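Heads up, the thing below is written out as structure tokens.
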Amino acid sequence: MTRMSVEVRIPAVFRAHTAGAKSVTAEGATIGDVLSDVVRSYPELGGQIFTDDDSLHRFVNVYLNDEDVRYLGGLSCEISDGDVLAILPAVAGGLT
Amino acid sequence: MKLSIPRHIYDEMVSHCLDELPNEGCGFLGGGDGEVKVIYKLDNAAASPVYYRPNDKQMLAALKDIDDKDITLVGIFHSHVMSPPFPSPTDVREAHHADAAYVIVTLADRDSPATRAFKVIKEDWRDEKGEIEEIDLVVS
């Protein structure tokens with residue numbers, strides 16, 4: 001698979017782990033590859049978004065071009081050059 | 001600690017919540033240093049009277065706009081349609097943005113909505129439990 005270069009948007013709550021960067025560029029063939037590439041550059045981010053078995057933490061959402069990757073096949077979803085990934089801790093609430 | 005909201009933004013926030021009835025309304029407040037400058041009214045993708053989850057596309061666009069404007073997410077607001085403006089256990093469990101105030105508008109009395117603001121303090125942002133600390137909400 002071809003490695004693609006994509007922008008990864010970093011939420012404010014994680015920017016302490018990316019030296020303040022609002023977005024970073026990373027490479028990979030799949031979403032998982034790209035996130036692993038980001039973690040290679042910013043190791044502290046790994047413990048924030050992944051569980052011990054390398055799954056996404058349940059409170060971490062990742063979006064590929066505004067679509068939640070959990071509905072796109074998860075971390076194995078292939079990406080295209082110029083795609084934009086966004087990492088975001090969940091926003092939700094309610095009385096239930 | 002306080003959160004200052006200009007009157008016109010406060011009124012827009014409450015109106016949005018009223019417009020979303022019977023479901024909970026939600027949105028973001030952008031600004032800096034506890035001063036709200038911009039409101040982002042978001043659709044509640046859960047479309048529920050007891051749960052909110054902002055529309056993904058609108059939420060990401062709002063966050064990008066906040067970054068582009070070089071401001072910060074100072075508040076995340078939602079409404080409680082029948083209950084007091086105080087964080088529920090679900091609100092606390094789902095509070096993962098430590099820098100933002102959680103603003104709750106109660107519409108229990110439709111003719112007299114009331115609003116309070118809180119920080120949810122957690123040791124780790126992934127914790128399900130946290131301490132609730134009310135902050136002063138100033139409408140000016």
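Read-outs: derived from the displayed coordinates by stated rules, not from any lab. It should be emphasised that the depicted structure is a prediction, and the values quoted were computed from it without experimental measurement. Don't worry about glycine lacking a Cβ; one is built from the backbone with ideal geometry, like all the others, and counts go over all protein chains shown.
Considering every residue in A:2-15, what mean count of other chain Cβ atoms within 10 Å of its Cβ is obtained?
Per residue, the average neighbour count from other chains is 2.
Please give the Cα centre distance for the range A:38-96 versus the range B:102-140, rounded to the nearest Å.
The two parts, judged by their Cα centres, are 27 Å apart.
Using a 10 Å cut-off around each Cβ of peptide B:88-100, what is the average number of partner chain Cβ atoms that fall inside?
Mean shielding count: 5.
Taking the alpha-carbon distance from residue B:129 and a cut-off under 21 Å, which lysines remain once sequence neighbours fewer than 8 residues away in the same chain are dropped?
Those lysines meeting the cut-off are B:119.
With a 10 Å radius around each residue's Cβ, average the other Cβ atoms per peptide and rank B:96-108, A:65-77, B:8-20, highest first.
Result, highest mean Cβ count within 10 Å first: B:96-108, B:8-20, A:65-77.
Can you give the Rg and Dmax of the protein assembly as shown based on its C-alpha atoms, in angstrom?
Cα radius of gyration and Dmax of the protein assembly as shown are 17.9, 60 Å respectively.
Under 24 Å between alpha carbons, and skipping anything fewer than 8 positions from residue B:57 in its own chain: which lysines qualify?
Reachable lysines: A:22, B:37, B:41, B:69.
Checking the cross-link filter: which aspartates and glutamates have an alpha carbon closer than 12 Å to that of residue B:122, excluding same-chain neighbours under 8 positions apart?
Result set, ordered by chain and number: B:94, B:99, B:131, B:133.
Using a 10 Å cut-off around each Cβ of peptide B:48-61, what is the average number of partner chain Cβ atoms that fall inside?
Per residue, the average neighbour count from other chains is 4.
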